[in-house]
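The values are calculated or read from the model by the stated rules, or taken from the named source; none is laboratory data. Note that this is a predicted model, so its numbers are computed, not measured. As a convention, Cβ positions derive from the backbone with ideal geometry for all residues, glycine included, and neighbour counts pool all protein chains shown. Quick note on the areas: whole protein, heavy atoms, side chains included, nothing else; ligands and nucleic acids left out. Shrake-Rupley method; radii C 1.70, N 1.55, O 1.52, S 1.80 Å.
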Amino acid sequence: MISTLSPPDMALAATGDVPEEDRTVVLPGQCTTVHAQDIGVRLVLAADFDGDIVIDASGVESIGHATLQLLVAAHADAIANGHSFTIAAPSPAFVERVTACRLADAIGLDNQKEIHS
């Protein structure tokens, strides 16, 4: 499931009054190319609301290259604009795929291991 904000929630988020967990981008279990466009929209909305991005990757069972590309781009954009980009509770499958693709640095996963350990 991917988090969604209804129009009233979007208005609240724009003012910063939405709790952080409601602004978290929740990745689906299967992050395929089919889901990439929706995930991309969620990432843009998250960045537009307050700039800081939190990704809940706890339920990820598999993740494709299209979604990985979006995460790399979102991470780079957030860092370039002085915002945080956090992968919250990444699943073992998420960590394995990101590591196998050598993208841990590109999405800040290695930095977070140091912070959270």
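With each label modelled as a point 7 angstrom along the Cα→C-beta vector, the Gln30-Ala93 pair spans 1.0 nm. Estimated from the Cβ-Cβ distance and a Förster radius of 25 angstrom, the FRET efficiency linking Asp52 and Asp105 is about 0.80. As a length-normalised measure over Cα pairs under 8 Å and 6 or more apart, the relative contact order of segment 40-117 settles at 35 percent.
The slack in the chain from Val41 to Ser62, taken as 0.36 nm per residue of separation less the alpha-carbon distance, amounts to 5.6 nm. For segment 37-83, the share of accessible area belonging to carbon and sulfur comes to 53 percent (1.4 Å probe, ligands and nucleic acids excluded).
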